[in-house]
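What follows is calculated from the coordinates using simple rules that are stated; it is not laboratory data. All of these numbers come straight from a predicted model, not from anything done at the bench. Please note: Cβ atoms are built from the backbone with ideal geometry, for glycine as well, and neighbour counts cover all protein chains shown.
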Amino acid sequence: MRTFGGFLSHGARVYGEVRGDEIHLLTRPFWLGLDFSGEKRSLGELTLDLPVAPSKVIAVGLNYSDHIKEMQRSEIGSPLIWFKAPSSLLPHECTIQIAYPEHKTDFETELAVVIGRPGKNVTVERALDHVFGYTIAEDISDRDLQKSEKQFSRCKSFDTYTPVGPFVYSEVETGDLEISLRQNGEIRQSARTSQMIYSVAEIVSFASQELTLLPGDLILTGTPSGVGPISPGDELVATVGDWPALRNRVENCRPAKKNLA
């Protein structure tokens, strides 16, 4: 397994491969090619930042049977996809800000895919050739708006609603990894990626039909059961396999509106 990340150096974002306590810097984002600059920095010298900068974020819903049951939905016979705003991305250890504190807002932890090669109408058999690597993500969701607006993009695209990281991993098998989320130390979600209805290859192939996937694009592959509401002061810890956990805290973006009824 190889580990890659995005970092801040004197206010500028740089990318590199993490090797032990060293970061081997690249001349461009890793999903565009592994062109190393020859410069090495220690982990302590740089600030960890977003590991991705996608042109688009594609999310998948209803990809675990138990989650379909808890949401009182039914399978639709193909992956359910929508788009999330790239501006919703949030780095590791940064704070999720609840946009509408008076609404029910849920956590959802997911395995995420980072595209490494352009692809359109790719087959399932060749889909993984277009994948650079994988990371951990959360799909924070405003359930009040999701129900009232009957669509998913806006309620899941508010600033900070897509925590991702801390790193991206390549040369790793993701077919049967444990995926979990702890809220304030209590386990809320626990499943295995082998329980996904549609595999990574099937999702990448489906998403690429008449739609060009570009290097750096991010695809969230769906959440298992156990989703639940977040509140100010919460700490969320999401894990996939034995990768370093994605950690984020929660606060309100503004005070909740009072119910005048």
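Here are a few things to note about the model shown:
- Filtered GluC sites (Glu not before Pro), the stretch 79-170: DSSP coil and at most 14 other beta carbons within 10 Å: Glu93, Glu102, Glu125
- Annotation for the stretch 142-175: trypsin sites (Lys or Arg not before Pro) lying in DSSP loop with at most 14 further Cβ atoms inside 10 Å of their Cβ are Lys150.
- Relative contact order, percent, the stretch 34-123 [alpha-carbon distance under 8 Å, six or more residues apart]: 29 percent
- Prolate/oblate/rounded label for the chain (Cα gyration tensor, a/c 1.5): oblate
- Estimated vicinal HN-Hα couplings, Hz - the stretch 7-19 in sequence order (Karplus 6.51, -1.76, 1.60; Gly, Pro = x): 9, 9, 10, 6, x, 9, 7, 10, 10, x, 9, 8, 10
- Close amide H partners of Gly6, meaning residues 5 or more places away or on another chain with modelled amide H under 5 Å apart, are Asp49.
- Amide H contacts under 5 Å for Arg192, placed H, 5+ residues apart: Ile179
- The alpha carbon centroids of the stretch 186-261 and the stretch 77-105 are separated by 8 Å.
- The length gained on full extension between Ala85 and Gln195, counted as 0.36 nm times the residue separation minus their Cα-Cα distance, comes to 36.9 nm.
- Across the stretch 2-49, the relative contact order, built from alpha-carbon pairs under 8 Å that are at least six residues apart, equals 36 percent.
- For Asp234, the amide hydrogen comes within under 5 Å of the amide hydrogens of Val250, counting only partners 5 or more places away or on other chains and with H modelled in the peptide plane.
- Over the chain, relative contact order from alpha-carbon pairs under 8 Å, at least 6 apart, %: 26 percent
- Rounded, prolate or oblate (a/c below 1.5 giving rounded, otherwise prolate when a/b exceeds b/c) for the stretch 2-49 by Cα gyration tensor: oblate
- Among the trypsin sites (Lys or Arg not before Pro) found in the stretch 69-125, those both in a DSSP coil and sparsely packed, with 12 or fewer other Cβ atoms within 10 Å of their Cβ, are Arg73, Lys120.
- For the stretch 223-232, 3J(HN,Hα) per residue [Karplus equation, 6.51 cos²θ - 1.76 cosθ + 1.60, θ = phi - 60°, Hz, x = Gly/Pro]: 10, x, 5, x, 4, x, x, 9, 9, x
- Here is how the number arises for the chain: DSSP H runs of 4 or more residues each give -39500 (n - 2.57), the sum is divided by the residue count, and the result at 222 nm is -2000 deg cm²/dmol.
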